[in-house]
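Here is the structure we will look at.
Throughout, read-outs are computed from the coordinates displayed, never taken from laboratory work. No experiment lies behind these values; they were computed from the predicted model shown. Note: ideal-geometry Cβ built from the backbone for every residue, glycine included; neighbour counts use all protein chains shown.
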Amino acid sequence: MSTGIETRRPKEAEMRPQLPIVDDDPATQRFRVHRSAMTSPHIHRAEIERIFTKSWLYVGHESEIPEPGDFVRRPIGGRPVFMVRGAKTGNVNVFHNTCTHRGALVCRQDSGNSKVFQCFYHAWTFDSEGQLKGVPDRDAYAGGVNFDELGLKRVARVESYRGFVFASFDPDIVDLPTYLAGAKDYIDLVVDGCGGSVEMVRGTNQYSFSANWKLLVENSFDGYHAESTHDTYFKYLVSIGTDLRGGVSGREVDLGNGHAVIEYSSPWGRPVAKWEPLFGEEARTEIERLRADLVARHGEKRAHAMTEVNRNLLIYPNLIINDIMAVTVRTLYPSAPDAVDVTAWALAPTDEPAPLRHRRLDSFLTFLGPGGFATPDDLEVLESCQQGFTSGGVEWNDISRGMGRVPMANDEEQMRVFWRRWQHQMGAAADLAGAQ
Amino acid sequence: MTAATVAVSRQQIEDFLYAEAELLDSWALDAWLQLFDENAKYEVPSNDALDGDPAHDLMLIDDNHARLAARVERLNSRRAHREYPHSRTNHQVFNVRVKGSAEDISVTASFTVWRFRAGRSSCYVGRYRYRLRRTDDGFRIAAKRAELDMTDLRNVGDVAIIL
């Protein structure tokens, strides 16, 4: 209703046409993301519907459940599910963690081995293939209840690649290899570099912080920030005798479907297989032998990529595999626009010799994890960005670095790959007018 | 009478632990580092593997003396961003139990470590396991391990402070 008195100019939002949140302008080589992408509750809800229920999501690694009946439970996309190796088929099953009777969780331990999963409410009992095996006083039910149909509900799609188990809530999603596209080659590099078989090391990092999950996607393969944010880490490397002169240099690769990687050489050592002073003199021969094995098996070029080259890999939307001073696998889930739950593991060759394993884990802890010399500072900077957004006054984040040249590892093309896919998947849910 | 033959009382150990807590809470980290043997270890296992062995399990922290010294240097600098400015902390120690000889003393204790920073509070709860050695110059820490009772780090974010 107009009062007939106009005392103010129309707000910018009112005049704003239907513009995407991701402002990708190849003509001027400028790429911006509107900060509402990180702050809007509407965007957060739309992401759950349009991204986390429509993508392949990493559940766990097959090595975590080697024996029949082995299980781990995981939240994916905010929903509790569990992954269990079926006793009859040997297959990896991923079930919604809810009793088909009245809803209670049927898997209430984080990991273990069990022949059956019994709901503790009315004692309905399911086997590791999900079949409903036990219903107390079954005779009390008339014919309308078909117990064969009341097995545990499988997550719509489950597939694995090189032991990495993914699930999707979308029954119509493309198969996993098609989805992974160019990322498959990089998973291969990591796994083959580990001798062809990998396992998750016991011990999990589960931490949360107050920032939007997409900031951690960006940060997980942001080569530009390393020197400024992680100065204390590089000082530590110098103190143990690491030669920083080579610096960090490399390139970015668009792997399709929103996946991207930066690959680069670095001053730090790699358990497979680049020696550094941290590993000690006695490790030199062993690491050279590892490298020679890989050359013999895969040729010099591929072995070089496995041993000297670091990879920070995003499997869209929220799986990070960073093959750096150790290999870390991490998932990121938003619990709110400004809150993210991170779960991270260390990946290692199966049956890795004890001294190499110890060195790998030692190397991991120099940089990575909630007690490392770098990760806490990443949390601080991302929370700082999130707080900065609330100050207002500035509407856009700039992600243009490296447009107009062949993108390098410390440019931002890998982030643009992510954001373009994000915008595409969000569609009309991520336009400026709707996000406010 | 040599140090080795002197019995160790719980009160002496408690006094030592309280003094250590005071050094941590006042961010006198260089003095705190002096409490450690040169072969000392400082460990924090992952929340879901409290018996974790750094040789084959992923820990949160596995510092030898050199890494611990680097941790102190990092925290003393202005570039450990998560801890600059420093948190205000309160290390509380109780349920202290002492075993072993004066040469090799095993101590377990409960702890709560409160951390306050930028309007936020977080609390670490768990059990300390120390191996101490008595010297003519007081106790020295041969090993300190902090096992966290929290099932995960969701409420605290990180372990950037020293527990």
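Only one of B:Leu35, B:Leu58 is farther than 17 Å from A:Ala346 by Cβ and in contact with a helix residue (DSSP H, G or I) (Cβ under 9 Å, 6 or more places away or on another chain); which?
Result: B:Leu35 is the single residue among B:Leu35, B:Leu58 that is farther than 17 Å from A:Ala346 by Cβ and in contact with a helix residue (DSSP H, G or I) (Cβ under 9 Å, 6 or more places away or on another chain).
Report every pair of residues separated by at least 6 positions or lying on different chains whose Cβ atoms are under 8 Å apart, first residue within the stretch B:47-69 and more than 7 Å from chain A (Cβ to nearest Cβ), second among the aromatic types (Phe, Trp, Tyr).
Listed by first residue and then by second, the contacts come to B:Asp63/B:Tyr42; B:His65/B:Phe36; B:Leu68/B:Phe36; B:Leu68/B:Tyr42.
Go through (1) within 23 Å of A:Tyr333 (Cα to Cα); (2) touching a residue at least 24 places away in the same chain (Cβ under 8 Å) one by one and return the number of the condition A:Phe117 breaks.
Going through (1) within 23 Å of A:Tyr333 (Cα to Cα); (2) touching a residue at least 24 places away in the same chain (Cβ under 8 Å) one by one, A:Phe117 breaks only (1).
Quick check on B:Ala28: is it hydrophobic (A, V, I, L, M, F, W, C) and under 28 Å from B:Arg154 (Cβ atoms)?
Criteria not met by B:Ala28.
For the stretch A:275-308, what are the residues that are outside any helix (DSSP H, G or I) and either within 13 Å of A:Cys194 (Cα to Cα) or acidic (Asp, Glu) (or both)?
Listed by number, the residues that qualify are A:Glu276, A:Glu308.
Against the condition within 12 Å of chain B (Cβ to nearest Cβ), crowded, with 17+ Cβ neighbours inside 10 Å and assigned to a loop (DSSP other than H, G, I, E, B), how does A:Pro376 come out, does it pass?
When the stated conditions are applied, A:Pro376 does not pass them.
Where in the stretch B:99-163 are the strands (runs of 3 or more DSSP E), entirely inside, with at least 1 residues that are among the polar types (S, T, N, Q) and within 30 Å of A:Ala344 (Cα to Cα)?
Per the criteria, B:105-117, B:120-135.
How many of the residues making up the stretch A:337-370 are more than 22 Å from A:Pro267 (Cβ to Cβ) and in a loop (DSSP other than H, G, I, E, B)?
7
Counting only residues that are out of contact with any Asp or Glu (no Cβ under 6 Å at 6 or more places or on another chain), small (Gly, Ala, Ser) and in a loop (DSSP other than H, G, I, E, B), which one in the stretch A:85-120 is surrounded by the most Cβ atoms within 10 Å (Cβ to Cβ)?
The qualifying residue surrounded by the most Cβ atoms within 10 Å (Cβ to Cβ) is A:Ala87.
Output the residues belonging to the stretch A:222-274 that are under 21 Å from the mean Cα position of the chain (by Cα) and in a loop (DSSP other than H, G, I, E, B).
Listed by number, the residues that qualify are A:Asp222, A:Gly223, A:Tyr224, A:His225, A:Asn257, A:Gly258.
For the stretch A:227-244, enumerate the residues that are of a type outside the set (Ser, Thr, Tyr) and within 13 Å of another protein chain (Cβ to nearest Cβ).
A:Glu227, A:His230, A:Asp231, A:Phe234, A:Lys235, A:Leu237, A:Val238, A:Ile240, A:Gly241 - these are the residues of the stretch A:227-244 that are of a type outside the set (Ser, Thr, Tyr) and within 13 Å of another protein chain (Cβ to nearest Cβ).
Would you mind stating whether A:Asn397 is assigned to a strand (DSSP E or B) and closer than 30 Å to B:Glu83 by Cβ?
Yes: the conditions hold for A:Asn397.
Would you be able to say whether some residue in the stretch A:201-216 is in contact with a helix residue (DSSP H, G or I) (Cβ under 6 Å, 6 or more places away or on another chain), surrounded by fewer than 19 Cβ atoms within 10 Å (Cβ to Cβ) and touching a residue at least 60 places away in the same chain (Cβ under 8 Å)?
Within the stretch A:201-216, one or more residues are in contact with a helix residue (DSSP H, G or I) (Cβ under 6 Å, 6 or more places away or on another chain), surrounded by fewer than 19 Cβ atoms within 10 Å (Cβ to Cβ) and touching a residue at least 60 places away in the same chain (Cβ under 8 Å).
Under 9 Å between Cβ atoms, at least 6 apart or on separate chains: pull out the pairs that start in the stretch B:95-109 with a residue that is closer than 18 Å to B:Asp15 by Cβ and end on any residue that is part of a loop (DSSP other than H, G, I, E, B).
From residues that are closer than 18 Å to B:Asp15 by Cβ, the pairs are B:Val98/B:Val8; B:Val98/B:Ser9; B:Gly100/B:Val8; B:Ala102/B:Val6; B:Ala102/B:Ala7; B:Ala102/B:Val8; B:Ile105/B:Val8.
Take B:Ala28 and decide whether it is under 30 Å from A:His358 (Cα atoms) and among the aliphatic types (A, V, I, L, M).
For B:Ala28, the condition - under 30 Å from A:His358 (Cα atoms) and among the aliphatic types (A, V, I, L, M) - is not met.
Identify the single condition in (1) over 24 Å from B:Ser77 (Cβ atoms); (2) crowded, with 21+ Cβ neighbours inside 10 Å; (3) touching a strand residue (DSSP E or B) at 6+ places or on another chain (Cβ under 9 Å) that A:Arg251 does not satisfy, given that it satisfies every other one.
(2)
When the residues of the stretch A:309-336 are narrowed to those that are part of a strand (DSSP E or B) and within 10 Å of chain B (Cβ to nearest Cβ), which ends up surrounded by the fewest Cβ atoms within 10 Å (Cβ to Cβ)?
A:Ser335
Return the only residue of A:Val165, A:Val190, A:Val238 being touching a helix residue (DSSP H, G or I) at 6+ places or on another chain (Cβ under 7 Å) and aliphatic (A, V, I, L, M).
The conditions single out A:Val165.
If A:Tyr186 satisfies every condition in (1) within 17 Å of the chain's Cα centre (by Cα); (2) within 26 Å of A:Ala273 (Cβ to Cβ); (3) assigned to a loop (DSSP other than H, G, I, E, B) but one, which is the exception?
(3)
So, in the stretch B:76-94, of the ones that are at the interface with chain A (Cβ under 9 Å from one of its Cβ atoms) and assigned to a helix (DSSP H, G or I), which residue ends up surrounded by the fewest Cβ atoms within 10 Å (Cβ to Cβ)?
Across the stretch B:76-94, the extreme among qualifying residues is B:His81.
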